[in-house]
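Q: Have a look at the structure that comes next, please.
The values are calculated or read from the model by the stated rules, or taken from the named source; none is laboratory data. What you are looking at is a predicted structure, and each value in this text was computed from that prediction instead of being measured. With ideal geometry, Cβ positions are generated from the backbone for all residues, glycine too; neighbour counts draw on all protein chains shown.
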Amino acid sequence: MNDTPGWASPGSAPSDGQDATVPRPAEPADDTGSPSKWSSAQPPAGQWSPPSAPGGAPGPATPRPAPGWGGGGPVQGRGPGGGWGRPPAAKPGVIPLRPLGALEILDGAVSTLRAHWRTVLGVTIAVAVVSQIGDILVQRYLLPEPVEVDPDASPSEALRQAGDAAQSSLLGLAPSLAITLIGTLFTTAVLTVVVSRSVLGRTVTLSEAWAEARPRLPQLLGLTLLLPLMSAAVMAVGIVPGLVVGSAAGVALSLVGGLAAFVVIVWLMVRFSLASPALMLERQSVPASIRRSAKLVNGAWWRTFGVLTLTMLLTFLVSMVIAVPFAIIAAAADSDGLSGLISNTGADFGWPSLIITGIGTVIASALTYPISAGVTVLLYVDQRIRREALDLELARAAGVPGYGSGPAGPDASRG
């Protein structure tokens, strides 16, 4: 049966069951049974020349289509017009909606800071000020005196002193680490929302970002605590056997085990580096977000490691450029002045030094927090574009012409 409209060509036989008396389209005029009136001498196929210019001069040669414009080359991008060339990727926000390079990810993070500087600096400065005040108070009143290590001690005594010094250092670092984790918790939550909106080219206020991020804080807190605890457990497995053995062999065992544990920790942290944006943007639980990160990073570990390392170096340089002048000013404002800093006798800084150093740290943190958070979120977006065609969903959500309509709510950035 052939009764589907558009399937039968004009002049074809009637469909099954169709009455032969139904008028059919007229046959071609030449199809009369008489001999053809066309000349038998026809030019060879495909040998037609372009029209000649006036005066008999040959016309300009027809240019060949450029590669990618109907030439059959690979078509890049998933946007409209895929068969006609390589249209530029849609860019409704801070990044083009296509797989990104490392420098494009960094540029997207900096562009987010520029485009939403009121919201970004509002949260980062507030968190940095509170964190720095807490850190200054801890340094001034709670940190214990450092344990002195005798260079002439026996191996077993030196091992014991090293253990006491490590314990004292960990106790001293614990309050600062706790303050840093809490500050990172709030900045990560809010900045993840800001970056996800900036990808779509949408503005967001601090109150809107906080309202969207606040319900996810308990899960994000669990993730923020779980990853350092996991690292501490791995490091303990590496160094504790050497501490138990004691003697010089135990010290060597601890060093080797600590180095191996450090390598494992780096591998795990890179593998789970995309867990926080997965938790925030996909509304995942803590275990599911860790598995999600591992799946996205799988096969791209070295690339992720390279981008994160480059980001760490960049933020470190920015922090040093800002912190070093403030440290010099702080040393000059202290009672011992610069001479105490040079002679290494000014370790016990007073309030002026701590306050000036804290101001430099606040400025550095306000600039480096958004870059670090932005790179993490954009790495997550980039991996989903590469693996799951998230660019199509983002283009629809952003209302890019030719991609259909997408959700317009605050969760539009979730795939």
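Q: Looking for something of a type in the set (A, V, I, L, M, F, W, C), modelled with pLDDT of 85 or more and not in a helix (DSSP H, G or I) - is there at least one such residue anywhere in region 97-109?
A: Yes.
Q: Let me ask another. Give me the helices (runs of 4 or more DSSP H) completely within region 242-338, filtered to those with at least 1 residues that are without any contact (Cβ under 8 Å) to a residue 40 or more places away in the chain, out of contact with any Phe, Trp or Tyr (no Cβ under 6 Å at 6 or more places or on another chain) and surrounded by 19 or more Cβ atoms within 10 Å (Cβ to Cβ), ordered by residue number.
A: Of the helices (runs of 4 or more DSSP H) lying wholly inside region 242-338, those with at least 1 residues that are without any contact (Cβ under 8 Å) to a residue 40 or more places away in the chain, out of contact with any Phe, Trp or Tyr (no Cβ under 6 Å at 6 or more places or on another chain) and surrounded by 19 or more Cβ atoms within 10 Å (Cβ to Cβ) span 247-271, 286-297, 301-333.
Q: Examine region 142-160 for a residue that is over 23 Å from Ser276 (Cα atoms), modelled with pLDDT under 85 and either within 24 Å of the chain's Cα centre (by Cα) or among the basic types (Lys, Arg) (or both), and state whether such a residue exists.
A: Yes, there is a match, as at least one residue in region 142-160 is over 23 Å from Ser276 (Cα atoms), modelled with pLDDT under 85 and either within 24 Å of the chain's Cα centre (by Cα) or among the basic types (Lys, Arg) (or both).
Q: Could I ask something else about it? Please enumerate the residues belonging to region 187-207 that are over 18 Å from the mean Cα position of the chain (by Cα), assigned to a helix (DSSP H, G or I) and crowded, with 17+ Cβ neighbours inside 10 Å.
A: Within region 187-207, just Leu206 meets the criteria.
Q: Let me ask another. State all residues of region 284-303 that are in contact with a helix residue (DSSP H, G or I) (Cβ under 7 Å, 6 or more places away or on another chain) and not hydroxyl-bearing (Ser, Thr, Tyr); if no residue qualifies, say none.
A: Within region 284-303, Gln284, Val286, Ile290, Arg292, Ala294, Leu296, Val297, Ala300, Trp301 meet the criteria.
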